[in-house]
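Working notes, beginning with the structure itself.
The values are calculated or read from the model by the stated rules, or taken from the named source; none is laboratory data. Quick caveat, the model's predicted, so the values are computed rather than measured. So basically every Cβ, Gly included, is an ideal-geometry build from the backbone, and we count neighbours across all protein chains shown.
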Amino acid sequence: MIDGLDRVLRDFIVESQENLERLDHEFIALEQNPEDKDLLADIFRTIHTIKGSAGFLSLAKLEQVSHHTEDVLAKLREQKLALDTDLTTTLLSSVDCIKSLLVTIEKTGDEGEAEIEAVVKKLQQITRGEKTFISNADLEQTSAIGPALKSEESALAGEDEEMILSKYETEDIEETATGKISEVLEHVVASTVEDNRIHVDVQLLDQLMNLTGELVLARNQVVQFANKLDDKNFRAISQRMNVVVSELQETVMKTRMQQIKKVFGIFPRLVRDLSKLHGKSANLVMEGQNTELDRTLIEAIKDPLTHLVRNALDHGVETPDIRKQYDKPPTATISIHAYHEGGLVNIEISDDGAGIDIARIKEKAIKEGILTIHKAEEVSERDLINLIFRPGFSTAAKITKISGRGVGMDVVKKNLDRIGGTIDVQTELHRGTTIKIRIPITLAIIPVLIVMAGRQKFAIPQVNLEELIMVQESGEKARSIEKVHGAEVYRLRGQLLPLIRLNQILQLSSEVSPTKANNLNIVVLSSGESHFGVIVDDVGDTEEIVVKALSSHIKQLSYYDGATIMGDGSLALILNASGLFSATQLTTEDLKKVEQAKKIEEQKKVGLASIAEQKQTIVLFRIGAKEYYGVPLAFVVRLEEFSASQIEFSGGREVIQYRNDILPLIRLEPFLNIASVPDQETLSLIVFAVEKQIGLVVAEIINTVEISTHIDTDTFKQKGILGSTIVEGHSVLILDIHGLIEMAYPNWYKKFFVSNLSEEERQNLTVLLAEDSMFFLNIEKSYLEAAGYKVITANNGNEALEKLENYPIDVVVTDLDMPYCTGFELTKKIKSSEQWRHLPVMALTALSGEQDRKKGIEAGIDEYQVKLDRDDVLSALERLILRSRT
């Protein structure tokens with residue numbers, strides 16, 4: 001019944017039912033002690049709340065009854081009426097009327113044909129000071145028996161209404177009221193929301209969770225034991241037990257889930273008070289308050305989130321006069337957004353304030369001896385920003401009692417590390433800061449991958465797991481493992497991945513079987529935005545484990561998150577990805593330098609021109625028997641295999657259940673005129689993250705290969721196709737994933753893209769896109785046109801200048817490395833021209849380095865973005881256009 005109701009209406013009914021049950025007792029107590037003003041005030045507040053909520057929800061009858069009841073109570077509070085038995089009975093009848101209306105609303109969603117005139121008439125008479133008389137019929141109607149006997153809910157007791165009425169209609173009402181009341185109420189109890197909800201002590205839920213955890217451990221042991229026995233009956237029983245325990249576990253987990261609005265609820269008052277205190281003006285925007293996570297995590301994130309919101313207001317948001325200097329509205333915006341993604345809860349805290357001054361961080365780091373002057377010039381912006389997580393590090397000129405941008409951030413990170421969370425900071429000076437937090441939904445029972453190092457078993461949480469790689473230490477594949485500054489790295493799809501050996505950092509002896517001695521098992525993990533590989537002796541199965549707390553001594557070691565008991569009774573420690581990453585000896589900047597040096601060396605060897613041919617890695621796959629396609633690896637988040645039987649349908653579309661979410665699927669056949677063939681038992685899946693995850697179903701994933709970005713774009717001119725090329729002897733069509741998704745789901749981008757410009761405004765804007773690579777040009781043009789912009793293209797800077805002469809252009813988007821006239825040279829010419837200098841210029845790069853950024857600022861480039869990051873490009877483009885109008 002109530003499941004179909006709107007959440008607001010449902011919460012209103014639950015709250016009102018709880019309050020009304022209390023009113024019966026309060027009215028009786030008030031009748032016995034009419035002078036109790038506090039009790040009368042409580043009753044008045046309850047009715048007033050119901051009246052206000054009923055008006056908000058447009059429940060006219062409920063509002064009318066509660067309104068007239070409130071009028072009578074107001075007379076009592078003003079001592080213009082004296083409470084007597086008749087008045088109490090009338091008030092109780094109004095409470096019964098409200099209860100009846102709520103039951104009807106719960107069942108049907110509206111107030112139905114309920115009669116309220118009699119109750120309203122008596123309440124009005126009392127308000128006007130007219131004397132009313134209560135008859136025996138009135139007493140019957142307002143007693144606990146009368147409404148029950150006449151309620152349409154009577155059938156729920158197992159007998160229909162006529163049977164119950166006939167059973168009691170011949171008996172005297174007095175006898176019924178005294179001798180039969182218990183029996184009547186047992187048979188005729190109305191269904192209310194409270195029937196479906198009970199209050200349970202939190203400690204009882206925790207105990208239930210602990211017992212379920214022990215049951216999961218016992219289940220694991222039984223299943224493992226059953227697999228060793230050749231007993232079909234026992235194996236069937238263990239499998240059934242496995243299913244039941246899994247369902248029980250899922251149900252119990254739901255009882256611990258709470259909405260994050262419990263934490264968010266404190267922020268409006270916090271922002272208001274701090275704004276007044278500091279003479280600032282800030283508007284708080286909160287989204288995703290209904291996002292659920294384990295109640296233990298709700299408590300764990302309360303203090304870190306509060307600190308981050310205080311930081312945003314105290315040291316992020318400027319005073320109105322300073323904001324005016326930077327052409328900002330006087331009222332700042334602080335936004336908090338929570339949402340589920342990939343089995344994690346994501347929380348973003350953003351402000352449009354001053355941002356973090358990277359230069360001041362660098363200056364303070366040098367002053368405190370954290371970095372040398374030479375090292376400070378080499379370190380990346382991200383690594384500099386991460387210095388704010390060092391204990392006691394702060395760039396705030398004035399440390400307030402409330403917060404300091406940096407002071408206490410080490411505690412925030414430490415608290416998040418403790419619950420397996422990560423934190424990432426993105427900032428732009430004078431534009432604002434966004435802090436992204438990712439935490440698991442629960443810590444009680446989690447899926448893990450079991451690995452071996454030495455003779456010990458370890459569990460790695462799946463939320464940190466990216467992929468598994470097996471490398472032969474001898475032979476051709478050994479070349480993919482290199483050494484940088486004495487540390488091992490693995491070249492994964494052209495990128496260097498830092499490596500650590502688990503048995504070395506934990507000081508364990510290596511125990512590898514002779515058959516596996518020539519192989520390396522690399523577990524690729526993520527820690528925030530960083531990726532690294534862990535070399536282990538062996539890789540086991542994935543399991544669901546119960547997390548057990550560590551002793552205070554082991555807790556101090558950053559490598560561990562907890563422990564668990566395995567199915568064979570052995571103990572396994574749970575590894576902490578952030579702690580392991582701290583053991584890597586290489587920074588992101590070190591790896592970038594190695595890559596840049598290698599590219600320069602390769603260009604020298606082959607005598608390439610100053611502008612080398614650009615390369616792009618694609619995932620090569622097959623559809624049907626002989627159709628080969630490729631998709632840029634930059635869009636791909638995972639490569640999976642799954643059973644065709646897992647495919648379900650939702651709204652006529654193919655979907656699968658994937659990582660605790662519903663993953664929509666695409667097939668190429670209906671959009672690219674490919675002949676359909678029956679599904680194999682096992683299919684391959686390429687998962688993309690384009691606003692939200694979406695999967696492409698293919699017959700076989702062949703390999704990842706590097707191709708030239710100068711592909712044939714003339715032979716196959718079709719939406720969803722970037723062009724064609726030859727790969728490993730096959731003719732391969734390169735997909736335009738944005739165009740393909742737009743064909744399959746026309747409203748996909750409209751659903752997820754939040755725009756500050758209207759659709760009509762974008763349609764009236766013309767973008768000049770300068771790009772020498774047809775591969776990238778088609779991708780960029782596709783998503784710019786999908787967003788509504790008119791796009792004029794040019795293959796180099798000189799051609800772009802010609803287009804500027806002949807077309808009205810509103811904004812320029814350019815590549816940097818182009819023949820004849822680079823993006824830097826193009827921008828200099830635009831900014832030095834009286835005719836064009838007003839035009840905003842955005843540079844799109846494959847990977848923007850600090851040197852290019854400095855060079856671009858000197859040339860007059862207004863914005864830098866990475867080419868394939870569609871969301872960031874479109875958002876930044878809008879900001880750029882809006883800034884140019886002011």
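Values for this structure:
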| item | result |
| --- | --- |
| Candidates Gly454, Gly528, Gly475, Gly494 - the one that is modelled with pLDDT under 75, over 31 Å from the mean Cα position of the chain (by Cα) and not assigned by TED's automatic domain parsing to the domain that holds Glu706 | Gly475 |
| Which listed residue, of Asn747, Asn798, Asn756, is at pLDDT 85 or above and surrounded by fewer than 19 Cβ atoms within 10 Å (Cβ to Cβ) | Asn798 |
| Search result, residues across the range 254-291 that are within 21 Å of the chain's Cα centre (by Cα), basic (Lys, Arg) and under 18 Å from Asp303 (Cα atoms) | Lys261, Lys262 |
| Residue list for the range 663-699, restricted to those being exposed (fewer than 14 other Cβ atoms within 10 Å of the Cβ) and of a type in the set (A, V, I, L, M, F, W, C) | Ala675, Val677 |
| 2 or more residues of a type in the set (Gly, Ala, Ser) and free of Cβ contacts under 8 Å to residues at least 40 places away in the same chain: qualifying helices (runs of 4 or more DSSP H) within the range 1-102 | 37-56, 60-77 |
| Flag if Tyr820 is closer than 27 Å to Glu761 by Cα, surrounded by fewer than 18 Cβ atoms within 10 Å (Cβ to Cβ) and not assigned by TED's automatic domain parsing to the domain that holds Val379 | no |
| All helices (runs of 4 or more DSSP H) inside the range 717-817 with 1 or more residues being small (Gly, Ala, Ser), outside the structural domain of Gly651 (by TED's automatic domain parsing) and in contact with a Phe, Trp or Tyr (Cβ under 8 Å, 6 or more places away or on another chain) | 774-786, 797-806 |
| Hits in the range 782-795 - residues which are surrounded by 21 or more Cβ atoms within 10 Å (Cβ to Cβ) and either in contact with a strand residue (DSSP E or B) (Cβ under 7 Å, 6 or more places away or on another chain) or within 15 Å of Gly823 (Cα to Cα) (or both) | Leu784, Tyr789, Ala794 |
| Residue in the range 844-853 that is buried (at least 20 other Cβ atoms within 10 Å of the Cβ) and without any contact (Cβ under 8 Å) to a residue 60 or more places away in the chain present | no |
| Residues being more than 30 Å from the chain's Cα centre (by Cα) and at pLDDT 75 or above - total across the range 510-525 | 3 |
| Tabulated pairs, the range 631-644, first touching a residue at least 24 places away in the same chain (Cβ under 8 Å), second small (Gly, Ala, Ser) and surrounded by fewer than 16 Cβ atoms within 10 Å (Cβ to Cβ), C-beta under 7 angstrom, 6+ apart or interchain | Val637/Ala689 |
| Cβ pairs under 7 Å, 6+ apart, first in the range 701-718 and farther than 20 Å from Asp772 by Cβ and surrounded by 12 or more Cβ atoms within 10 Å (Cβ to Cβ), second at pLDDT below 85 and of a type in the set (Lys, Arg) | Thr704/Arg493 |
| Failed item in (1) surrounded by fewer than 15 Cβ atoms within 10 Å (Cβ to Cβ); (2) modelled with pLDDT under 85; (3) of a type in the set (Lys, Arg), with Arg837 passing the rest | (2) |
| The range 377-395 - residue that is more than 14 Å from Lys362 (Cβ to Cβ) and surrounded by fewer than 16 Cβ atoms within 10 Å (Cβ to Cβ) and, of those, modelled with the lowest pLDDT | Gly392 |
| Filter result for Thr333 (surrounded by fewer than 21 Cβ atoms within 10 Å (Cβ to Cβ), closer than 18 Å to Gly288 by Cβ and at pLDDT below 90) | no |
| Filtered residue count, the range 483-507, keeping only those that are outside any strand (DSSP E or B) and in contact with a Leu (Cβ under 8 Å, 6 or more places away or on another chain) | 4 |
| Qualifying strands (runs of 3 or more DSSP E) (wholly inside the range 214-307; at least 1 residues being within 30 Å of Ile437 (Cα to Cα) and modelled with pLDDT under 85) | 257-259, 292-294 |
| Residues (of a type in the set (D, E, K, R), over 30 Å from Met818 (Cα atoms) and at pLDDT below 90) located in the range 605-626 | Lys626 |
| Odd one out for Ala843, checked against (1) on the phi < 0 side of the Ramachandran plot; (2) not in a strand (DSSP E or B) | (2) |
| Filter result for Asp810 (closer than 26 Å to Asn756 by Cα and surrounded by 21 or more Cβ atoms within 10 Å (Cβ to Cβ)) | no |
| Failed condition for Asp736, given (1) among the acidic types (Asp, Glu); (2) under 33 Å from the mean Cα position of the chain (by Cα); (3) over 21 Å from Tyr629 (Cα atoms) | (3) |
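For (1) aliphatic (A, V, I, L, M); (2) in contact with a helix residue (DSSP H, G or I) (Cβ under 8 Å, 6 or more places away or on another chain); (3) without any contact (Cβ under 8 Å) to a residue 40 or more places away in the chain, each residue gets a yes or a no:
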| position | (1), (2), (3) |
| --- | --- |
| Asp230 | no, no, yes |
| Met241 | yes, yes, yes |
| Glu250 | no, no, yes |
| Ile260 | yes, yes, no |
| His278 | no, yes, no |
| His307 | no, yes, no |
| Thr319 | no, yes, no |
